[in-house]
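Enquirer: Before anything else, here's the structure in question.
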Amino acid sequence: MATVRIVYGSETGNTQSIAEEIARLLEEKGHTVKCESAADADPKDLAEGYDMVLLGTSVWGTDTIDLQSDFETFAEDFSVMGLAGVKCAAFASGDTSFQYFCGGVDYIEEHLQEVQAVLAAEGLKLEGDASSNKAEIAEWTERLAKSL
Ligand SMILES: Cc1cc2nc3c(=O)[nH]c(=O)nc-3n(C[C@H](O)[C@H](O)[C@H](O)COP(=O)(O)O)c2cc1C
């Protein structure tokens, strides 16, 4: 069984609920998961001891991508996270009425590529919280679990 680390930035709880649902589903499959807020996570050597790292954040700009504030601080420098060669993926809750729907996913993926992480799946972009996206989350998590 594998170990997975999930770090999320969430202002009103939507991205947090998605992170917790992903964690629950992976645990159900027998994997060991550490799921924590970006406010509590140390970015240094983030991947050490983990087979997969999942990062998620909401964004709050109108015509720019403004990361959720805890995640912005956490993700200041992807190069310290030790993600080269590590399986990673991004997720977020957003609102399709904004120019950059779930722009945090694009931001994270761009930086994952820069530090040569391995993208385990295309990012998960959802509107609302986990309860209104159960099927999409299950499908995405299933895809990730296959690469573990
Ligand atoms: C001022 C403002 C700006 C926002 N900007 C974006 C945006 O650029 N892209 C997006 O997808 N959602 C945007 N949102 C929507 C939130 O990101 C969305 O409600 C999200 O579900 C919040 O997730 P959280 O509870 O995990 O923080 C914005 C919301 C507000 C109020």
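Enquirer: Counting only residues 5 or more places away or on other chains, whose amide H sits under 5 Å from the amide H of V118 once H atoms are built in the peptide plane?
Expert: G85, V86, K87, C88
Enquirer: For F101, what charge total do you get from the other residues with a beta carbon under 11 Å from its beta carbon, if Lys and Arg give +1 and Asp and Glu give -1?
Expert: Within the 11 Å Cβ shell, the charges total -2.
Enquirer: Please report T64, T73 as a ranked list, fewest other C-beta atoms within 10 angstrom at the top and most at the bottom. List each step's numbers first, then the result.
Expert: Working: T64 10, T73 13.
With the sparsest Cβ surroundings first, the list reads T64, T73.
Enquirer: Going 7 Å from the Cα of D63 along its beta-carbon direction, which residues of region 86-107 have the amide nitrogen within less than 16 Å of the resulting point?
Expert: Under cut-off, by backbone N: 98-101.
Enquirer: Sticking with this one: Return the calculated 222 nm mean residue ellipticity for the chain, to the nearest 500 deg cm²/dmol, obtained by summing -39500 (n - 2.57) across DSSP H runs with n ≥ 4 and dividing by the residue count. Display every interim value, and only then the final one.
Expert: Numbers: 4 runs with 46 residues, N = 148.
Only helices count here, giving -9500 deg cm²/dmol.
Enquirer: What order do you get for C102, C35 when you list them from fewest to most C-beta neighbours inside 10 Å? Please list the in-between numbers first.
Expert: Details: C102 26, C35 20.
Neighbour counts put them in this order, fewest first: C35, C102.
Enquirer: How large is ³J(HN,Hα), in whole Hz, for each residue of region 116-122 in order, when computed from phi with the Karplus curve 6.51 cos²θ - 1.76 cosθ + 1.60 and θ = phi - 60°, using x for Gly and Pro?
Expert: Each residue of region 116-122 in turn: 6, 6, 9, 6, 7, 7, 4 Hz.
Enquirer: Follow-up question, since we're still on this one. Set the Förster radius R0 to 35 Å, insert the Cβ-Cβ distance between E76 and T96 as r into 1/(1 + (r/R0)^6), and round the FRET efficiency to 0.05. Working shown, then result.
Expert: Details: r = 28 Å, r/R0 = 0.81.
Step by step, r from the Cβ atoms, then E = 0.80.
Enquirer: Something else: Among M81, M1, which comes first, second and so on when ranked by fewest other beta-carbon atoms within 10 Å? It would help to have the intermediate numbers written out before the result.
Expert: Numbers: M81 27, M1 11.
Fewest to most other Cβ atoms nearby, the residues stand as M1, M81.
Enquirer: Let me ask you something else. Of all alpha-carbon pairs in the chain, indicate the percentage at a distance above 25 angstrom. Mind dumping the intermediate values first?
Expert: On the way: 1925 of 10878 pairs.
Looking at the chain, the distances longer than 25 Å represent 18 percent of pairs.
Enquirer: Now for a different question. Along region 35-44, what does the Karplus equation 6.51 cos²θ - 1.76 cosθ + 1.60 (θ = phi - 60°) give for ³J(HN,Hα), rounded to whole Hz, x for Gly and Pro?
Expert: 10, 9, 5, 4, 5, 10, 8, 8, x, 5
Enquirer: Continuing with this model, one more query. Any idea how far apart K146 and E48 come out in nm if each label point goes 7 Å out from Cα toward Cβ?
Expert: Rounded to a tenth, the inter-label distance reads 3.4 nm.
Enquirer: If you don't mind, another one. Dipole of the chain, Cα-centred, from +1 at each Lys and Arg C-beta and -1 at each Asp and Glu C-beta, to the nearest 20 debye? Display every interim value, and only then the final one.
Expert: Details: 10 positive and 28 negative charges, 126 e Å.
Roughly 600 debye for the chain.
Enquirer: Of the DSSP beta bridges with both residues in the chain, give the percent that are antiparallel, rounding to the nearest 5. The partial results should precede the final answer.
Expert: Numbers: 1 of 24 bridges.
Looking only at bridges with both residues in the chain, the antiparallel portion is about 5 percent.
Enquirer: Another question, if that's okay. Amide H to amide H under 5 Å from G9: which residues, 5+ apart in sequence or cross-chain, H placed 1.01 Å off N in plane?
Expert: Long-range HN contacts for G9: A38, G56, T57, S58.
Enquirer: Taking amide H atoms as placed 1.01 Å from N in the peptide plane, list the residues 5 or more away in sequence, or in a different chain, whose amide H sits under 5 Å from that of V33.
Expert: V4
Enquirer: On to the next question. Just want to confirm a number: the relative contact order over region 3-136, from Cα pairs under 8 angstrom separated by 6+ residues, in percent. Present the calculation step by step, with values, prior to reporting the outcome.
Expert: Details: 281 pairs, mean separation 35.4, N = 134.
It comes to 26 percent, rounded to a whole number.
Values quoted throughout were computed directly from the atomic coordinates according to the rules given, and no laboratory measurement underlies them. A quick note: this is a predicted structure, and the numbers were derived from the prediction, not measured. For neighbour counting, all protein chains shown are included, and Cβ atoms are generated from backbone atoms with ideal geometry for every residue, glycine included.
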